[in-house]
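Read the structure below first, then the notes.
Where a number appears in this text, it was derived from the coordinates with a stated rule and is not lab data. Every value quoted in this text rests on a predicted model; they were computed, and no experiment measured them. So basically every Cβ, Gly included, is an ideal-geometry build from the backbone, and we count neighbours across all protein chains shown.
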Amino acid sequence: MRLASKLAVITAAASGMGRAGVDLFLREGATVCAIDINPDALAALKADLDPDGVRLHLVQADLSTPEGARNSINQAAARLGGVDILWAHAGIPGPGGIENLDIGEYQQALALNVQSATLGAGEVIRHMRKRGGGSIIFTASVSGMVGSMWSPVYSSCKFAVVGLGKSLAQTFAPDGVRVNVVCPGLAETPMKVGFTGRGVSAEVAKAAEDRYLSGVPLGRLVQAREVAHAVLWLASDDASFVTGVELPVDGGFTCR
């Protein structure tokens with residue numbers, strides 16, 4: 001098992017890619033703390049994946065607030081007894097355009113996509129130093145590598161996350177902490193409609209998805225488990241000399 005005896009924290013862990021990561025990390029031997037805003041989804045996660053065990057811990061938190069982003073990491077560390085791995089996965093699509101931009105929606109997108117990752121890394125580093133090192137993985141997007149057809153706000157946030165990861169890879173290297181960024185393409189998850197369906201009809205959303213797929217050499221959307229497997233590799237000792245990378249999991253979308 002690639003994560004035997006490892007202590008892992010995953011944010012936005014109760015659905016989609018995060019949930020797939022919890023499942024995979026548990027199967028690979030880690031003890032996991034799942035952080036999410038939805039208490040019912042967290043309870044369902046526990047019931048499904050670790051009903052009788054003690055290898056899955058839960059923290060309910062609103063990561064859009066500085067207190068939630070910081071305190072949730074420290075609560076997770078306390079429950080696990082330390083942290084070896086952080087997958088900072090929390091994020092939202094945010095508003096679609098910038099004309100007549102709602103400032104509240106814009107700030108929420110910044111808070112969940114950029115601020116939560118920054119504050120989470122700032123808190124977890126001291127816990128990883130105590131363990132002699134660790135691995136931090138941020139979720140960005142192909143929209144952090146090329147401009148998004150759906151959302152300039154989301155794209156700018158994810159470019160910031162990629163830059164954060166590359167910078168912290170250098171900052172935290174002396175501590176034995178690797179920092180990498182996973183960049184999924186459009187995924188078959190509950191959040192998909194938040195990208196393709198914002199303020200448009202189902203027909204327009206379908207046309208946008210088809211336009212995206214026309215640029216994917218492998219010809220389909222990425223699945224949550226495929227992203228989780230990429231994160232597993234980055235988190236594990238198999239990637240022991242890999243830091244500062246932006247890893248697309250996109251079926252070739254960004255290789256054009």
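So which helices (runs of 4 or more DSSP H) stay within the range 109-207 end to end and still have 3 or more residues that are small (G, A, S), over 19 Å from G251 (Cα atoms) and under 16 Å from the mean Cα position of the chain (by Cα)? In the range 109-207, 116-131, 152-171 are the helices (runs of 4 or more DSSP H) which contain 3 or more residues that are small (G, A, S), over 19 Å from G251 (Cα atoms) and under 16 Å from the mean Cα position of the chain (by Cα). Taking the numbered list (1) touching a Gly at 6+ places or on another chain (Cβ under 9 Å); (2) more than 29 Å from L221 (Cβ to Cβ); (3) of a type in the set (D, E, K, R) in turn, D36 passes all entries but (2). Only one entry of V242, V200, V231, V227 meets the criterion of being in contact with a helix residue (DSSP H, G or I) (Cβ under 8 Å, 6 or more places away or on another chain) and over 28 Å from A169 (Cβ atoms), and that entry is V200. Please work out if E99 is in a helix (DSSP H, G or I) and charged (D, E, K, R). It is false that E99 is in a helix (DSSP H, G or I) and charged (D, E, K, R). What number of residues in the range 124-147 are farther than 12 Å from D84 by Cβ and surrounded by fewer than 23 Cβ atoms within 10 Å (Cβ to Cβ)? Total satisfying the criteria: 5. Can you find even one residue in the range 32-39 that is at positive phi and surrounded by fewer than 21 Cβ atoms within 10 Å (Cβ to Cβ)? For the range 32-39, residues at positive phi and surrounded by fewer than 21 Cβ atoms within 10 Å (Cβ to Cβ): absent.
Of all the residues that make up the range 168-190, how many are more than 19 Å from A230 (Cα to Cα) and either buried (at least 16 other Cβ atoms within 10 Å of the Cβ) or touching a residue at least 60 places away in the same chain (Cβ under 8 Å) (or both)?
Narrowing the range 168-190 to residues more than 19 Å from A230 (Cα to Cα): 168, 170-176, 190.
Those still in the list that are either buried (at least 16 other Cβ atoms within 10 Å of the Cβ) or touching a residue at least 60 places away in the same chain (Cβ under 8 Å) (or both) too: 168, 170, 172-173, 190.
Going through the range 168-190 one residue at a time, the tally reaches 5.
Given the criteria surrounded by 14 or more Cβ atoms within 10 Å (Cβ to Cβ) and of a type outside the set (S, T, Y), does A202 qualify?
No: the conditions fail for A202.
For first residues located in the range 238-250 and touching a residue at least 24 places away in the same chain (Cβ under 8 Å) and in a strand (DSSP E or B), partners that are polar (S, T, N, Q) and surrounded by 14 or more Cβ atoms within 10 Å (Cβ to Cβ) and lie 6+ apart or on another chain with Cβ distances below 6 Å form the pairs P248/T254.
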